[in-house]
Amino acid sequence: DEVVDYTTVAFEEVVHDVDVVYDTVGGEVTGRSWSTLKPGGIMVVIAGIPDADAAAAHGVRVANVAQPDVTTPVLNELVALVASGELVPQVGATYPLEEAAQAQAASETGHGRGRIVLHVTR
């Protein structure tokens, strides 16, 4: 449980042996993320197509969030990890849906810690 300031430290130099990388950036970040996973871990990429050969070389699994038949099992696995407490999402800020524009503006600064969550009520 450590915060990594990506503006001053290369995350791949200090993060190791994680179970899941949820890559929302893609490109160079995906390439730098392979070494952070422990053997058997999984990289979930939503911003591109992950390299299956690179995954095999690192002894990890890979998933591309693209289609429901592919996405559903991966998301179910992530839900199970969160429910069990093995994966703890870091929430930086929560906004009601009516403040989605403010949430987007905060997201665009690129300097927040944790995820930005929109709270949707039924």
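Full extension of the chain segment joining ALA56 with ARG122 gains 19.5 nm, where the gain is 0.36 nm per residue of separation less the Cα-Cα distance. Charged side chains reduced to their Cβ positions (Lys and Arg at +1, Asp and Glu at -1) give the stretch 9-106 a dipole of some 80 debye around its Cα centre.
Accessible area per residue, 1.4 Å probe, Å², for the chain: what's the number?
67 Å²
Per-residue packing, averaged as other Cβ atoms within 10 Å, sorts the ranges 108-121, 38-51 into the order 38-51, 108-121, beginning with the highest.
For the pair GLU77 and GLU28 in one chain, pulling the backbone fully straight at 0.36 nm per residue adds 15.1 nm over the alpha carbon distance.
Relative to the longest principal axis of the Cα atoms of the chain, helix 68-84 runs at roughly 80 degrees.
The values are calculated or read from the model by the stated rules, or taken from the named source; none is laboratory data. Computed from a predicted structure; not experimentally measured. Ideal geometry is used to build each Cβ from the backbone, glycine not excepted, and the neighbour counts take in all protein chains shown. Side chains included, ligands, DNA and RNA excluded: accessible areas come from the protein's heavy atoms. Shrake-Rupley method; radii C 1.70, N 1.55, O 1.52, S 1.80 Å.
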